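Laboratory data are not the source of any read-out in this text; all were calculated from the coordinates shown. Here the structure is a predicted model, which is why all the values come from computation and not from measurement. When we count neighbours, we look across all protein chains shown, and the Cβ atoms used for this are built from the backbone with ideal geometry, even at glycine.
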Amino acid sequence: MKKTYVPKGQVEREWLLVDAEGQNLGRLATKIAQLLIGKHKPDYTPGVLTGANVVVINAEKVDVYPTRLESKIYYRHSQYPGGLKEITLARQLEKFPERVIEHAVRGMVPKNKLGRRMYKNLHVYAGKEHPHQAQQPELVE
């Protein structure tokens, strides 16, 4: 009879660096979500936080299909009557490029307490500079 492996104790958390320049938004978000969940590790366990801390740089240079820039709309509501706000993908990339990647990745992690803990390990920055040099993140191709 085979037993299920469950990592015991503190799981070693690695820091990974992802460069978003010239990469497709959806494929990039899928790769980042898998790193956050921990599916790239041999000791992956579904109910345990085994994923890595992921730092994404150059979020403003992510590649999106031209027709998608105007057709994709992000909605939010202020919870007041008539409070529905909308912004296109092109405008969002101009104002807050980090939110585009964060929104795409948030939809790909589990929708529960564990998924919210995984999502906190995502750090997205618009340019090349990031404050996580001390952790010495390893570049992911």
Pair list, Cβ < 8 Å and 6+ apart or interchain, from the range 65-94 residues that are touching a residue at least 24 places away in the same chain (Cβ under 8 Å) to residues that are assigned to a strand (DSSP E or B) = L69/T88; Y74/E86; Y74/I87; Y74/T88; L89/I73; L89/Y74
ask   = What are the residues in the range 97-132 that are surrounded by 14 or more Cβ atoms within 10 Å (Cβ to Cβ), within 15 Å of the chain's Cα centre (by Cα) and either part of a loop (DSSP other than H, G, I, E, B) or on the phi > 0 side of the Ramachandran plot (or both), if any?
value = M108, V109, P110, N121, Y125, A126
query = Which ones in the range 20-49 are touching a Lys or Arg at 6+ places or on another chain (Cβ under 8 Å) and surrounded by 21 or more Cβ atoms within 10 Å (Cβ to Cβ)?
reply = A20
request  = For residues that are more than 23 Å from the chain's Cα centre (by Cα) and of a type in the set (K, R), tally how many sit in the range 60-86.
outcome  = 1
query = Can you find a residue in the range 65-79 that is within 20 Å of A33 (Cβ to Cβ) and polar (S, T, N, Q)?
reply = no
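Check whether at least one residue in the range 11-18 is under 14 Å from the mean Cα position of the chain (by Cα) and of a type in the set (F, W, Y), and report yes or no.
yes
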query = Which condition number does V55 fail, the rest of (1) of a type outside the set (S, T, Y); (2) touching a Phe, Trp or Tyr at 6+ places or on another chain (Cβ under 8 Å); (3) surrounded by fewer than 11 Cβ atoms within 10 Å (Cβ to Cβ) being met?
reply = (3)
Within the range 95-141, considering residues that are in contact (Cβ under 8 Å) with a residue 12 or more places away in the chain and of a type in the set (S, T, N, Q), the one farthest from Q23 (Cα to Cα) = Q135
query = With T67, T4, T50 as the choices, which residue is hydroxyl-bearing (S, T, Y) and under 25 Å from H130 (Cα atoms)?
reply = T50
